[in-house]
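One structure is given below, encoded as structure tokens.
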Amino acid sequence: MDRLHILGGTPLEGEVRISGAKNAALPILAATLLVDGVVRVGNVPHLQDVTTSNELLGRMGVSVTINERMGVEVDASTIREFVAPYELVKTMRASILVLGPLLARFGRADVSLPGGCAIGARPVNIHVSGLQQMGADIRIENGYIKARAGRLKGARLILDTVTVTGTENLMMAATLAQGTTIIENAAREPEVVDLANFLITMGAKITGHGTDTIVIEGVDSLHGGSYEVLPDRIEAGTYLVAGAITRGRVLVKNVIPSHLDSVIAKLREAGGTVTVGDSTIAIDMRGRRPLSVDVRTAPYPAFPTDMQAQFAALNTIAQGVGTITETIFENRFMHMLEMRRLGAEIRLEGNTAIIRGVDKLNAAPVMATDLRASASLVLAGLVAEGLTEIERIYHIDRGYEALEEKLQGLGAKIKRIPD
Ligand code: EPU
């Protein structure tokens, strides 16, 4: 397994171009299953999770062509199997996103039930019960969700919890249902909106996306077309924190700044001078030590759980005491234990981490446990004194395109050690 070596201590300076959003590309690739015709998806990031999605579609018999310049071209007309097998779902939970599209268009789907996860239980009961309310017959057999349906019927769905992929699965299914579906307590994340915009481009009738009530009027079919995935707000936020933690100056380009409002507010509280352009955000720490911040995660537009670990890293070396409260996932603090190994002073009380900033971290070997935890260890490594070695970085490859190259471009001393 590859490892990362990071020699900490260099303030990062420069510009970095942000890639397409993983969490928009994955549902959009799943949504191509709904389309009668050829779909071209551009600005798809080069990530392991995207490769897994393409493999998942390919195994079903769907034609997937990858073109460096144009993006991914998908034609689902050749589909012959309606299965998401365990061996792929266990490596990528987002595989569950094929459930709604397969059922709505082809009337059947066998999707492996995702098991436990490094950050929480992450059940999919809301996906399943929403589809049942739309008329699907769903059983759990031999570890698989086996779903069958005639044409789905529009329904009023009130989600118990705000769920991103749950909202996406049900919205996708509803595009081809008979009649109108109303999803209440829907997720408002920009990636949900991007998926809705993709579906609308292909002929779906959706309103209310971006609010907590999405209304979908079912149509008979969707047609082919082209779409560009929106920029990755979490990747952008991660590089901005890299600028802040190293007391540097970093500009991220190709972003939609309003998607990062809650993150920008915290960067300013941390003492950063943040300048927002049309499609850029710059942070300048003017060489100063960051100040501790209090962060509480919640669904969009509040502070994203996917940025929590990065701000935990920032707090480890900031001036003062900062708290990180995680309200979305029940076990998303593994990185805290690893950061302690670098000398961070962190106390855990339930779903809150209380972090007292230390003057400096000291390098140590650490282990990545999930995607954002890995990112936070990289950030900590950028300021730790000495050589930090991070193991299990395949987690990073799932969600950050060309991480080392991008960080090297900002002056970081980071390199990948192949196995
Ligand atoms: N939940 C249920 N039942 C369900 C679905 C969700 O109880 O049927 C609960 C979850 O257990 C969790 C909460 O609802 O406590 C919210 O989870 P959500 O369903 O929104 O998470 P997700 O859709 O599985 C997506 C992202 C995650 C991101 C979360 C929260 C994708 C592919 N994944 O996951 O991204 O953390 O939303 O914003 O969009 C990442 O990129 O590192 C990542 C984990």
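Worth a mention:
- Filter result for the condition that a residue is on the phi > 0 side of the Ramachandran plot and either surrounded by fewer than 15 Cβ atoms within 10 Å (Cβ to Cβ) or more than 8 Å from the ligand (Cβ to nearest atom) (or both), over Asn142, Asn125: Asn142
- Test result for Phe329, in a loop (DSSP other than H, G, I, E, B) and either in contact (Cβ under 8 Å) with a residue 24 or more places away in the chain or not acidic (Asp, Glu) (or both): yes
Let's see how each residue does on (1) closer than 23 Å to Ile214 by Cβ; (2) surrounded by fewer than 24 Cβ atoms within 10 Å (Cβ to Cβ):
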{"residue": "Thr51", "(1), (2)": "no, yes"}
{"residue": "Asn67", "(1), (2)": "no, yes"}
{"residue": "Arg80", "(1), (2)": "no, yes"}
{"residue": "Val83", "(1), (2)": "no, yes"}
{"residue": "Leu88", "(1), (2)": "no, yes"}
{"residue": "Leu102", "(1), (2)": "yes, no"}
{"residue": "Ala109", "(1), (2)": "yes, no"}
{"residue": "Ser129", "(1), (2)": "yes, yes"}
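- Some residue of the stretch 9-26 being among the hydroxyl-bearing types (Ser, Thr, Tyr), in a loop (DSSP other than H, G, I, E, B), surrounded by fewer than 24 Cβ atoms within 10 Å (Cβ to Cβ) and away from the ligand (no atom under 16 Å from the Cβ): yes
- Filter pass, Val276 being in contact with a helix residue (DSSP H, G or I) (Cβ under 7 Å, 6 or more places away or on another chain) and in contact (Cβ under 8 Å) with a residue 40 or more places away in the chain: no
- Positions within the stretch 101-121 being part of a helix (DSSP H, G or I) and within 12 Å of the ligand (Cβ to nearest atom), in sequence order: none
- In the set Ile216, Ile264, Ile281, only one residue is crowded, with 16+ Cβ neighbours inside 10 Å and in a helix (DSSP H, G or I); that residue is Ile264.
No lab work stands behind these numbers, since they all come straight from the coordinates. In this text, all values refer to a predicted model and were calculated from it rather than measured experimentally. So basically every Cβ, Gly included, is an ideal-geometry build from the backbone, and we count neighbours across all protein chains shown.
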